[in-house]
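Read through the structure below, which is laid out as structure tokens, and then see the notes.
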Amino acid sequence: MITYLLLSASALVQLYVSALTVPDVQALYARYALHPVLLFQGVGLETLFTYMFLHGSWLHFLVNSIALWGAGGIVERDIGSPLYAAIYVVSGVVAGLVHGFMHMSSGIPVVGASGAIFGVIALLFLLMPFKITFALIVPLPSVIVGVMLSAVEFSAIWLSDEGLVAHDAHLAGFVFGCICAFAIDRRRASKGLIVAATVFIILYYLGIYFGLV
């Protein structure tokens, strides 16, 4: 399965990185991480792909791996491995491009498969809203996961969060995944969107009722 191949590839890369000296790690990230300031100078276009297999730490790797494991297998079985692999990769590329465009002068390297994984979660969220996923470790219906994650990412961008997390890349991958869901099956995706809107409204008013919003 493509999901396990992706997980294995990222694990091997992370093991390799952990065995390197600090200067070698820095050289590796300088070569294969995504650098927005270089990207729009036409330098390192291949990093739009390679950055997805690098992670900032073992914790970063584990969080992404759990999310991919929790969502990827379900989506892959539903839409087939070739289409799944294509959407995963293109979601990651789109996420990198959007982040680069929004931070064209930034020399901060970007690593991680989050943008690609958000694309996969979006497919699960719209096409299979009631499927139980472990994408957030705790088993939840995918519609809950999608609503929670999209709310967090929109809020982070709205509040101009300038932290180390590339929320714009996450959101770009998620939006691209949603577009792909409609391209795959507009009827199912439309139903999923209605379910998501309903869940969002319910959660919002519950938040108001309990003083959480």
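Just to verify a result, which residue in the range 1-45, among those that are of a type in the set (V, I, T) and over 22 Å from L97 (Cα atoms), is surrounded by the most Cβ atoms within 10 Å (Cβ to Cβ)? Before the answer, list the steps.
Pass one, the range 1-45, residues of a type in the set (V, I, T): 2-3, 13, 17, 21-22, 25, 37, 43.
Then drop every residue that is not over 22 Å from L97 (Cα atoms), which leaves 2-3, 13, 17, 21-22, 25.
Numbers: I2: 19, T3: 22, V13: 18, V17: 20, T21: 8, V22: 7, V25: 15.
Per the stated criteria, the residue is T3.
Within the range 196-208, can one find any residue that is crowded, with 18+ Cβ neighbours inside 10 Å and either touching a helix residue (DSSP H, G or I) at 6+ places or on another chain (Cβ under 9 Å) or more than 19 Å from R77 (Cα to Cα) (or both)?
Yes.
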### Query
Given the residues G73, G80, G96, G42, which is the only one that is of a type outside the set (K, R) and within 20 Å of V152 (Cα to Cα)?
G96
### Task
Go through the range 1-46 and give me each residue that's under 21 Å from A95 (Cβ atoms), of a type in the set (S, T, N, Q) and modelled with pLDDT of 95 or more.
T3, S10, Q14
### Candidate set from the range 50-106 (those that are in contact with a Phe, Trp or Tyr (Cβ under 6 Å, 6 or more places away or on another chain) and of a type in the set (S, T, Y)); member that is surrounded by the most Cβ atoms within 10 Å (Cβ to Cβ)
S91
### Summary
Per the list (1) touching a helix residue (DSSP H, G or I) at 6+ places or on another chain (Cβ under 6 Å); (2) at pLDDT 85 or above; (3) not charged (D, E, K, R), residue check on V145 breaks on (1)
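The values are calculated or read from the model by the stated rules, or taken from the named source; none is laboratory data. Bear in mind that the values here come from a model prediction, so they are computed numbers and not experimental data. Note that we place each Cβ from the backbone using ideal geometry, even for glycine, and neighbour counts take in every protein chain shown.
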